[in-house]
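Structure first, then comments.
The values are calculated or read from the model by the stated rules, or taken from the named source; none is laboratory data. Note that the structure is a prediction, hence the values are computed from the model and not measured. Cβ sites come from the backbone with ideal geometry, for glycine too, and all protein chains shown count toward neighbours. For the accessible areas, the whole protein counts, side chains as well, though only heavy atoms, and no ligand, DNA or RNA atoms are used. Shrake-Rupley method; radii C 1.70, N 1.55, O 1.52, S 1.80 Å.
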Amino acid sequence: MDNTPPSGEGAQLIEVRTAAVPHVVPTLRTIVADIAMRQDFDLDAVEDLRMAVDEACSMLLPSAADGHLNCVFSWKDGRIEVTVSVLSDSPEPDDETGLSWQLLTALATSARRSVVPADGGYLSRVELIRESEAARP
């Protein structure tokens with residue numbers, strides 16, 4: 001299962017594969033906050049990223065058929081990409097009108113959700129990108 005987000009050459013990368021349980025989400029939130037602080041994101045952007053990771057995990061945790069959650073963090077030059085994914089038993093409809101999705105799109109520079117067949121099930125993925133204000137043209 002390939003969870004790696006597209007990233008430019010020279011990007012830093014951390015991949016975490018963990019149990020799909022709510023009590024691991026604070027650890028993932030802490031990882032993204034640390035990355036954002038090291039990339040000189042302002043405090044509001046750091047908190048936005050923490051909440052975005054929380055929302056992405058909350059959307060996917062209930063459908064984790066194999067009990068695992070994957071989270072890939074990639075960053076370079078004021079741009080952070082986060083991909084959260086689970087293997088599910090059935091395709092989930094993209095609900096782009098729900099409150100969680102609206103919150104995600106407000107917190108990230110861009111957000112995308114996809115469901116594709118994989119390993120006898122479906123890979124359900126949320127991809128987030130957040131750019132620092134300083135990195136935007």
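Descriptive notes on the structure:
- Based on Cα atoms of the chain, Rg over Rh with Rh as the Kirkwood radius reads 0.95.
- Averaged per residue, the chain has 51 square angstrom of accessible surface, using a 1.4 angstrom probe with ligands and nucleic acids left out.
- Of Thr30, Thr83, Thr109, the order by accessible heavy-atom surface (1.4 Å probe, DNA, RNA and ligands excluded), from most exposed downward, is Thr30, Thr109, Thr83.
- Residue-count net charge about Asp48 - beta-carbon cut-off 11 Å; Lys, Arg +1, Asp, Glu -1: -3
- At an R0 of 22 angstrom, the distance between the Cβ atoms of Val116 and Glu15 translates into a FRET efficiency of 0.75.
- Net charge, Asp66 excluded, C-beta distance under 10 Å - Lys, Arg +1, Asp, Glu -1: -2
- Sum of side-chain charges, Gly10 neighbourhood, beta-carbon under 10 Å (Lys, Arg +1; Asp, Glu -1): -1
- The apolar share of the surface of the chain, taken as the fraction of accessible area on carbon and sulfur atoms (1.4 Å probe, ligands and nucleic acids excluded), comes to 50 percent.
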